[in-house]
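Okay, so here's the structure we're looking at.
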Amino acid sequence: MNKINEIFVSLQGEGFHTGRASVFVRFAGCNLKCPFCDTKHQDFKEMSDEEIAEAVCKHTTEWVVLTGGEPSLQATEHLVDLLHQCGKQVAIETNGTHKLPQNLDWVTLSPKEDSLLKLSKANEVKVVFLGQDVERWKESIQASHYFLQPCSCKNTQEVVDYILKHPHWRLSLQTHKYIGIE
């Protein structure tokens, strides 16, 4: 059984797919304790892969985002297969500390300080910028897209200044927070 915090439809607010209609499956629980995390890990209901797929597949939105918490602790190839069977494309937003199901359509890797990465490839890397050395992520993770994101919309100018000096990074804003949606 999976611990699911919530399943909801909204627009993707961050990274490469910003603005895309998406069904979000938010898993509860994480192996890291990031100070900026906004997931309420104690709130969840247990759901089987089949129950998750049933809840997701009733929506017409074709893009599904497995997020958390840390979805790699619970998401399985079986769940992804069930979502594919109803015509969904499946993305995951992960901290990269655990192996992933091999049948995902898109991987957003958001590495955290002092964590041991199990992944070295992703479609996109999205780093919450707190002034730390981010160049090591650019050098050690193979991806098509590299994003820096202000922490909770609070240090945007610092991120803009960094990107202007390091243009191999792109800006990712939490647009859902700016426009007041979930």
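The values are calculated or read from the model by the stated rules, or taken from the named source; none is laboratory data. Here the structure is a predicted model, which is why all the values come from computation and not from measurement. So basically every Cβ, Gly included, is an ideal-geometry build from the backbone, and we count neighbours across all protein chains shown.
Among the listed residues Thr156, Thr94, which satisfies the condition of being under 30 Å from Glu62 (Cβ atoms) and of a type in the set (Ser, Thr, Tyr)?
Thr94
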Options Glu46, Glu54, Glu50; residue that is among the acidic types (Asp, Glu), modelled with pLDDT of 95 or more, farther than 26 Å from Leu148 by Cα and in a strand (DSSP E or B) = Glu46
Considering residues of the stretch 81-106 that are surrounded by 22 or more Cβ atoms within 10 Å (Cβ to Cβ) and not in a loop (DSSP other than H, G, I, E, B) only, the residue farthest from the chain's Cα centre (by Cα) | Leu83
Contact list, first residue from the stretch 59-74 and farther than 17 Å from Met1 by Cβ, second anywhere and assigned to a loop (DSSP other than H, G, I, E, B), beta-carbon distance below 6 Å, six or more apart or interchain, is Glu62/Lys88; Trp63/Arg20; Val64/Lys88
Looking across the stretch 164-182 at residues that are hydrophobic (A, V, I, L, M, F, W, C) and surrounded by 17 or more Cβ atoms within 10 Å (Cβ to Cβ), the single one that is nearest to Phe8 (Cα to Cα) is Leu173
Is there any pair linking a residue in the stretch 1-21 that is within 21 Å of Leu109 (Cβ to Cβ) to one that is in a loop (DSSP other than H, G, I, E, B) and of a type in the set (Lys, Arg), with Cβ under 6 Å and at least six apart or on different chains, and which?
-> Gln12/Arg20
Only listed residue being over 14 Å from Gly15 (Cβ atoms) and out of contact with any Phe, Trp or Tyr (no Cβ under 8 Å at 6 or more places or on another chain), chosen from Lys138, Lys121 = Lys121
Subset of the stretch 145-182 (residues that are at pLDDT 90 or above and either at positive phi or of a type in the set (A, V, I, L, M) (or both)) = Leu148, Val159, Val160, Ile163, Leu164, Leu171, Leu173
